[in-house]
Structures are given as C-alpha cells and as structure tokens.
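Everything on this sheet refers to the single structure shown next.
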Amino acid sequence: MGSRMGSNVPKQYIEIDGRPIIRWCVDTFARRDDISTVIIGVADEWREYVGTHVADCGKQVLFSPAGETRQYSIYNALKTAKDKGFADDDIVIIHDAARPLVSNKIIDECINGIGEGFDGVLPALPVKDTIYLSDATNTISQLLDRSMLRAGQAPESFRLGSYLALHNNMPREELLKINGSTELAFKAGQRIKIVEGDEMNFKITTPDDLERFKQIIAR
C-alpha cells in the first residue's frame with residue numbers, strides 16, 4: 001500500500017509522464033527477447049487499472065492475486081506460473097514494481113547467474129555507513145564490519161520448480177516472517193550468487209524518492 005508515501009494511491013500506481021510507475025518496470029522486462037511472460041501480483045481493486053496500463057506492453061501478461069505479505073504475493077505468482085504450464089527449470093525473475101529504473105545489465109546477471117549453476121541471484125550494494133547493532137534499550141550492543149555487509153536490491157532470480165517447492169514446504173507462520181525473496185532461499189540452504197547492484201535501482205518509498213525519480217526522468 002506504500003503508507004510511507006503519504007498518498008491515497010499505492011506508490012507503484014502513481015503516474016509519471018502518463019505512465020504508472022509499474023509500467024516503467026514492465027516495459028524494461030517486456031522489451032527483452034529472453035523474457036516470455038510478465039506475471040503481476042495485484043490486489044483485486046487495482047486489477048482493471050493495471051490491466052489497462054500494461055495491455056500493450058508487447059508480452060503475455062498474467063495476473064495473480066495479491067497476498068497478505070510481499071512473499072505471499074510472490075508465492076501466488078509462482079503458483080500461477082506453474083498452473084500455466086511453465087517448466088520447473090524455467091527461470092523466474094522477481095522484481096519490485098516500485099523499482100522503475102532497473103537496468104538490463106542487472107537482469108542479464110540474474111539470468112546468467114542461474115545458468116552458471118547457482119540456485120539464486122541477488123543484486124546488492126556495499127554498505128557505506130557504519131552499522132551498529134542495537135536492541136530495545138537503544139544502546140549499541142555490537143559494531144558490525146561494514147566491509148562484509150551488503151544491501152539487497154531486486155530483481156532476484158531462481159528456478160521455478162525449486163523455488164516454488166521452498167514455499168510449499170515452509171510453514172505458513174514462517175513464510176509470513178520472510179521479508180526478502182532471497183531470505184527464504186538462503187534459510188533453506190540454497191546457493192545464492194551476489195552480483196553488483198546499481199544506485200539507480202532504488203526503491204520508491206518516500207516522497208523524496210518519488211521526486212528523485214521525477215528529476216531523473218526529466219533529465
């Protein structure tokens with residue numbers, strides 16, 4: 001719902017230059033010859049709106065129901081892919097609709113990393129600031145080595161069959177706690193490749209992020 005944006009419209013549906021933010025994402029993936037289908041997890045009340053805005057993207061577009069968490073929305077989309085006959089060996093690339101400036105370089109690396117034999121691929125950026133571990137007392141309990149820390153981005157890529165199986169096998173209460181797509185795979189012992197992220201691949205979360213995106217598009 002994008003509550004931090006302070007808008008009555010979810011952030012991914014805010015229109016910039018006549019296109020909702022989600023369409024900027026869809027276009028990047030739809031222009032690629034190595035991607036056959038786009039599956040969008042969407043709440044029922046936005047299904048018609050999104051359908052109207054992506055109908056002419058040039059690729060097959062399927063819709064899956066929104067889940068109560070981000071990961072449950074992903075789970076629903078994976079099941080949609082399976083129900084539509086996609087093979088267990090097919091690569092799925094999971095992206096946030098609020099990251100409209102994803103590059104083809106990152107998408108290439110998400111695909112190539114799976115081809116190299118990894119179970120999953122995650123773009124990430126080095127952490128620039130000093131990171132402190134704290135607890136409920138708001139005091140420092142540990143100083144973390146930032147040279148070993150990475151901030152994850154999206155998209156993340158996996159094989160459809162093995163990644164769907166992880167969801168099927170995880171108890172509901174555990175799946176509800178998952179915050180990132182790779183978190184689930186890592187907990188299950190899958191081998192994840194980290195590739196270089198991109199500062200431009202930021203997630204639109206706040207009004208400042210939205211203004212930054214507008215300025216980039218204007219340039």
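Just one of Arg191, Arg212, Arg219, Arg159 is modelled with pLDDT under 95 and on the phi < 0 side of the Ramachandran plot; which is it?
Arg219
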Is one or more of the residues making up the range 171-178 closer than 30 Å to Asp17 by Cα and not hydroxyl-bearing (Ser, Thr, Tyr)? no
Selection from the range 28-48 of residues surrounded by 14 or more Cβ atoms within 10 Å (Cβ to Cβ) and either of a type in the set (Phe, Trp, Tyr) or part of a helix (DSSP H, G or I) (or both) yields Thr28, Phe29, Ala30, Trp46, Arg47
Selection count, the range 53-75, where residues are buried (at least 17 other Cβ atoms within 10 Å of the Cβ) and either closer than 21 Å to Leu175 by Cα or in contact (Cβ under 8 Å) with a residue 40 or more places away in the chain (or both): 8
Tell me which residues, restricted to the range 151-183, are of a type in the set (Lys, Arg) and surrounded by fewer than 15 Cβ atoms within 10 Å (Cβ to Cβ). Arg172, Lys177
Can you find a residue in the range 36-47 that is farther than 19 Å from Leu160 by Cα, touching a helix residue (DSSP H, G or I) at 6+ places or on another chain (Cβ under 7 Å) and not basic (Lys, Arg)? yes
Residues in the range 118-125: is at least one closer than 27 Å to Tyr13 by Cβ, in a loop (DSSP other than H, G, I, E, B) and out of contact with any His (no Cβ under 9 Å at 6 or more places or on another chain)? no
Return the residues of the range 144-156 that are modelled with pLDDT of 95 or more and either in a helix (DSSP H, G or I) or touching a Cys at 6+ places or on another chain (Cβ under 8 Å) (or both); say none if nothing qualifies. Pro155, Glu156
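If you check Leu166, Leu184, which single one turns out to be within 17 Å of Asp88 (Cα to Cα), in contact (Cβ under 8 Å) with a residue 24 or more places away in the chain, of a type outside the set (Gly, Ala, Ser) and in a helix (DSSP H, G or I)?
Leu166
The values are calculated or read from the model by the stated rules, or taken from the named source; none is laboratory data. A quick note: this is a predicted structure, and the numbers were derived from the prediction, not measured. When we count neighbours, we look across all protein chains shown, and the Cβ atoms used for this are built from the backbone with ideal geometry, even at glycine.
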